[in-house]
Structure formats: C-alpha cells, structure tokens
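The values are calculated or read from the model by the stated rules, or taken from the named source; none is laboratory data. Note that this is a predicted model, so its numbers are computed, not measured. Calculation scope for accessible area: heavy atoms of the full protein, side chains included, ligands and nucleic acids excluded. Shrake-Rupley method; radii C 1.70, N 1.55, O 1.52, S 1.80 Å.
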Amino acid sequence: NLSLYADFIPLTGCDPRIQAAVDAVTARGALVVAGAANDGADASGYSPAGCRNVLTVTSVSEGGQRPGYANWGRAVALAAPGGERGRGILASSLSGPGGERTPDGTSLAAPHVSGVASLLFGLKPTLTPAQVREVLTRTATPFPGGRCDPDPQRQCGAGLLNAEAAVRSVLAPT
C-alpha cells in the first residue's frame, strides 16, 4: 500500500524510476495499491498512481460520490471509503481525542483495497497480482446513479470496493 505520491517529481506521468520499482516488485508477486492523491486532479500525472501495474484507488463519501479533493481519471481502477472534508473515516489514534480521529483522503481509501487484496492472496496464494486486480475490479459495486461524479470525464474506476463479492469470487469453485 502506497498512500503517498512523489511530490518532488513533475506531475507529467509516471516517473521511469518509480515505474522500474513497481515493475520489480510486481514481478516478485506483489500487488502495488496506491492512493490516487488529494488534489482534485487527473491521477495519471502522479507517481506511483499513474504507473502501469498499479491498482490506483480514489476516495468516495458515504454516498458513494467522489469528494472534490479526490483525484480521478483513467489511471484509477477502483474507489473505496475515504470520507469527505470534516466527515472522515473513524480511526484509532494516539493523537486524537479519546484515542480516535477522523482523517479523510485517498490515503484512507487505498488501505481498504490493500486489506481485501491481502484476504484474496491469503485464500488463494497462487493468485497473481493481475488476477487479484481483475477480481477486485470485476466484483466492484456500481456507483450510485452509475458514476462517481456528475462530470463523466472524472472517472473513478470500475466501482466501489466490494469485499464480500471479491472473497466469494475467489472461493467459488472453478
């Protein structure tokens, strides 16, 4: 899980150095999941979100819509809960009042996908990163109203992460 982007690299596409690293870990059987970033922009210009073989995740609100901060675009494969400004995802925290805080962002959405991917690899260790990506995107729940954003140019991938459907798909007899 990479809940970051290389902010020292121009936003013109995947940096060749980052792509080489992604290719190396993918060749060893790892699935790279990255947050799309939080600039309300096309994720394809970001590294690693815009790199090949990365499962790029954007954020959605409780209602399944893309918050204004969440990056979007063809590089995005899937969406997961990330909250809205002021209504984030409840998380345990040493720094928050009462041991909790509610951050928001694609950095909160990507770990949801990483967790489900880990479940799939645990259930069937012979899966490749490409197969896990295919299961996650194929079993995604469609966005309410058919898309995540009123602007059809602002795509959010195949739909909303659906852990139950992904697990059932992997456990189904073939």
Dividing the mean separation of Cα pairs under 8 Å (6+ apart) by the residue count of the stretch 27-174 yields a relative contact order in percent of 24
What are the residues whose amide H is under 5 Å from the amide H of Val60, where those residues sit 5 or more places off or on another chain and H is modelled from the backbone?
Ala80, Gly82, Gly83
Ignoring ligands, DNA and RNA, what percent of the accessible area of the chain is carbon or sulfur (1.4 Å)?
55
Per residue, how much accessible area does the chain have with a 1.4 Å probe, in Å²?
51
State the extension gain, in nm to one decimal, for the chain segment bounded by Asp151 and Arg74, taking 0.36 nm per residue of separation less the distance between their alpha-carbons.
26.4 nm
Give the accessible area for Tyr5 in Å² (nearest 10); use a 1.4 Å probe, count only protein heavy atoms, and leave out ligands, DNA and RNA.
80
For Glu164, Glu84, write out the residues from largest to smallest accessible area, computed with a 1.4 angstrom probe and no ligands counted.
Glu164, Glu84
Applied in sequence order to the stretch 153-163, the curve 6.51 cos²θ - 1.76 cosθ + 1.60 (Karplus, θ = phi - 60°) yields integer Hz couplings, x standing for Gly and Pro, of 6, 9, 7, 10, x, 6, x, 8, 3, 10, 4
